[in-house]
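What follows is calculated from the coordinates using simple rules that are stated; it is not laboratory data. Remember, it's a predicted structure, so these values are computed and weren't measured experimentally. We place every Cβ from the backbone using ideal geometry, glycine too, and count neighbours over all the protein chains shown.
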Amino acid sequence: MEETADYRPGDGLELSGGALAIPDEHAGLRFDAALARMFPAHSRSRLQEWIKSGRFLLDGAAMESKRKVLGGEMLSWVPGASATCDVGPDDLDEFAVSPAPTCAQGQAIALNIVFEDEHIIVINKPAGLVVHPGNGNPDGTLMNGLLHHHPALAEVPRAGIVHRLDKETSGLLVVAKTLTAQTDLVRQLQARTVKRHYLALALGLVAHAGSVDAPIGRHPVHRTRMAVVRGAHGREARTHFEIRERFARCTLIECQLETGRTHQIRVHLASLGHPLAGDPVYGKTCSGDPRLDAFSRQALHAWRLGLVHPATGDLVSWEARLPDDFAQLLDSVRGDRDA
C-alpha cells in the first residue's frame, strides 16, 4: 500500500513498512474501523489480526481494535514476520484467511491452467496433488507449482490460495495473483456467492434430490477424520444435491456447496448412508460391485466454478470434464444399465 491518500489498494503492504496520518474525518471511529476505511483492499478480520500481532502502531504504540482514534495521529506499520506454511489439524475452513506470508519454494510441477489473467488463475487440479504444504507433505504441492509458475505469488499470503480441494479430489479451484484479488475472493467465499458444483458417484441408490444441513467438526474419537457434530464443536455446513443418473449399485449426483468445510461432501453423503465410491476414509464398504470397491480414490470432481471477477465485476464461470479414471468408471457402470 502506498503511503499517501492516493494509494492503490493492496500494493506492497506485505513487502515493507510505512506511515500515514489518520484522516481527521475518521475521528471517533474504532481503530479497526478507521483502518478498514484507509485500507479497503483488506478484510476487517485481516486488519484486526494485524492489529493484534502488533503490525499497526498509533503514534508508536500498540492499540486495541476497539480504541477510538482522534484523527491526526501517525499510523505506522511494519513488515510481517516469517511464518510456517504448515496447516494444522483444526484448519477446518476450505478458504484460507490467514495473513501469514508464503514460505514454500517454487518447484517445476505441471499445472493444468484453465484461465489466467493479471488477477486470478483457475486451475484444474488432478487427483493426487496436495494443495499446499503441511504435515507429511513438505513440498511437491500445488503451492510449490504456483510459485514456480508465477514467483510474484510469494508476496501473497498462501501464494494466493483461497480455497482447497482434498488431495484425491480433482477439479477446479481459483488462485488470486494479488492481495486485492485474494481479499475480494475470500469475501465472496464468506458471503457464499462463489458457485462450486461437484460430480460425485455415491454408493447405493439415492432416492431423490435434497439438501444436507448438518454441522461438521473434528471426529470426537478419530481425530484425523471429520464428522457430523452437534453442539458447540460443530460448524455450520450445507450441501445441496441433485440426481444425475442412477445405476444398479451407485448414483451419480451433482452437489453444490453452500459452505466450505473440510471433507464436507464426503461427510454429508456418508451421513445419508451413501458414501462416495473409493473413499478410503468414509466409504470403504463392500458395495457388491468390485469396480466400485477397487476405485483408488474418492469419486469426486469439482466440475464447475463460478464467481464475480475481482477486477472487472463480471460473472465468470469455468467447467472441467471428468478425469479419465472417473469417466472410465462411470462408462463401465453405465454400460451395465444400457446392456
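Shape class for segment 165-311, computed from the alpha carbon gyration tensor (a ≥ b ≥ c): prolate, with a/c not under 1.5 and a/b above b/c.
Tell me, in nm to one decimal, what length is gained between ARG246 and ALA294 on full extension, where the rule is 0.36 nm per residue of separation less the Cα-Cα distance?
Values: separation 48, 0.36 × 48 = 17.28 nm, distance 1.95 nm.
Answer, rounded to one decimal: 15.3 nm.
Look at (i) 1.11; (ii) 1.00; (iii) 0.95: the one that is Cα Rg over 2.2 N^0.38 Å derived from this structure is (i). Among 303-312, 275-284, sorting by the average number of other beta carbon atoms lying within 10 angstrom of each residue, highest first, gives 275-284, 303-312.
Over the chain, calculate the relative contact order: mean separation of alpha carbon pairs under 8 Å at least 6 apart, over the residue count, as a percent.
Details: 730 pairs, mean separation 44.9, N = 339.
In percent, rounded to a whole number, it is 13.
Spin-label model, GLN107 to TRP318: label points 7 Å out along the Cα-to-beta-carbon direction sit 2.2 nm apart.
As an equivalent ellipsoid, segment 18-77 spans semi-axes of 15, 13, 11 angstrom, where each value is the square root of five times an eigenvalue of the C-alpha gyration tensor, largest first. Note on the chain: dipole from Cβ charges, positive end direction compared against LEU147, LEU329, ASN112; the farthest Cα belongs to LEU329. Round to the nearest 0.05 the FRET efficiency obtained for LYS52 and ARG30 when R0 = 22 Å and r is the Cβ-Cβ distance. So, using R0 = 22 Å, E works out to roughly 0.95.
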